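Presented below is the structure to which this report refers.
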């Protein structure tokens, strides 16, 4: 395989997901029974990939999801700072419709390019992209080829995936939610100005 293949995977189901609660502060809750099953299926799905390394955020749910993938390839899960979920500040823990609508409003503005908007007491889109892309740049230096699996969180992954992949628009990234253990697959592309091209976005066909 020539170049690096990056699989950005969302964690498995948690009770916060079931309750539609905004849960962004590590370590957070563990996986549900269904979440553990999803993690095992993710490991099975990626068993044939030439996985060179498996990374996860500081959140417990990300580490538990990454574990079966790493075990399939006789690797350890390396925990990284900088790839945690979007910090929503005053909206943390909320599950009411008004709070969810506020989240969706700010997030949509990020995907439209207004990255300096921030949640009250939380992060701006620019802060999320900057911290996450700094990690990816380091991984790109560390791994020259093969597949790297990075288990993180839905909102952060969609924002970063849309920022990285030249063939993904902000409107698509905003509208196309990642299910639990859904994934965005990127490959290095020397022609793209960003250096990356999206091959797969769970739930949506990507024009390559």
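The values are calculated or read from the model by the stated rules, or taken from the named source; none is laboratory data. As the structure is a prediction and not an experimental result, all values here were calculated from the model. Cβ atoms come from the backbone with ideal geometry, glycine included; neighbour counts cover every protein chain shown.
Structure data summary
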| read-out | value |
| --- | --- |
| Any chance residue 169 is modelled with pLDDT under 95, under 29 Å from residue 53 (Cα atoms) and out of contact with any helix residue (DSSP H, G or I) (no Cβ under 8 Å at 6 or more places or on another chain) | no |
| Options 170, 154; residue that is over 16 Å from residue 6 (Cα atoms) and surrounded by 14 or more Cβ atoms within 10 Å (Cβ to Cβ) | 170 |
| Residues (within 21 Å of residue 195 (Cα to Cα), at pLDDT 95 or above and either crowded, with 18+ Cβ neighbours inside 10 Å or in contact with a helix residue (DSSP H, G or I) (Cβ under 9 Å, 6 or more places away or on another chain) (or both)) located in segment 112-130 | 115, 125, 126, 128, 129 |
| Residues that are surrounded by 18 or more Cβ atoms within 10 Å (Cβ to Cβ) and either within 14 Å of residue 56 (Cβ to Cβ) or in contact with a strand residue (DSSP E or B) (Cβ under 9 Å, 6 or more places away or on another chain) (or both), drawn from segment 81-93 | 83, 84, 85 |
| Residue check for residue 39: buried (at least 21 other Cβ atoms within 10 Å of the Cβ), at pLDDT 95 or above, in a helix (DSSP H, G or I) and over 14 Å from the mean Cα position of the chain (by Cα) | yes |
| Among the residues listed as 141, 176, 147, the single one being over 12 Å from the mean Cα position of the chain (by Cα), within 27 Å of residue 49 (Cβ to Cβ), at pLDDT 95 or above and surrounded by fewer than 22 Cβ atoms within 10 Å (Cβ to Cβ) | 147 |
| In segment 104-144, the residues that are within 24 Å of residue 5 (Cα to Cα) and in a loop (DSSP other than H, G, I, E, B) | 143, 144 |
| Residue count, segment 42-70 (criterion: assigned to a helix (DSSP H, G or I) and surrounded by 15 or more Cβ atoms within 10 Å (Cβ to Cβ)) | 14 |
